[in-house]
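The values are calculated or read from the model by the stated rules, or taken from the named source; none is laboratory data. If you're wondering where the values come from, they're calculated on a predicted model, not measured in any experiment. Because the Cβ atoms are built from the backbone with ideal geometry, glycine has one as well, and the counts that use them run over all protein chains shown. The accessibility values were calculated without ligands, DNA or RNA, using every heavy atom of the protein model including side chains. Shrake-Rupley method; radii C 1.70, N 1.55, O 1.52, S 1.80 Å.
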Amino acid sequence: MRLHHDSPVEALDYFQFGMLAADASGGELAASILSMNQALAYAVMGTADLACDLIDRGRAQFAVAGASDWPGWSGFLHQNGHAGHGRRRPQ
């Protein structure tokens, strides 16, 4: 992924395309993962407020995704508290 090769702007383009597909299919888990990845990209670029907003959105999307919607590969999300960790907004 471009994000991990120091191209967060290009990664955001890919994440936005993915979000269109996730939104069209109603895939809240996929949307949650994409929101969290977008948050990371914005954090890498130093846009903390937008990153925090996307983390909040990702948590909300994760909460909407029912446990029956979680494919096996997504276990790391709910086992590691993807939506449960607290965070502070930058001052």
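Numerical summary
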read-out: Cβ pairs under 7 Å, 6+ apart, first in region 33-55 and at negative phi and surrounded by 18 or more Cβ atoms within 10 Å (Cβ to Cβ), second charged (D, E, K, R) and in a helix (DSSP H, G or I); value: Ser35/Arg57
read-out: Test: residue in region 11-21 that is within 12 Å of Arg57 (Cα to Cα) and open to solvent by 20 Å² or more (accessible area, probe 1.4 Å); value: no
read-out: Some residue of region 48-56 being at pLDDT below 90, among the acidic types (Asp, Glu) and part of a helix (DSSP H, G or I); value: no
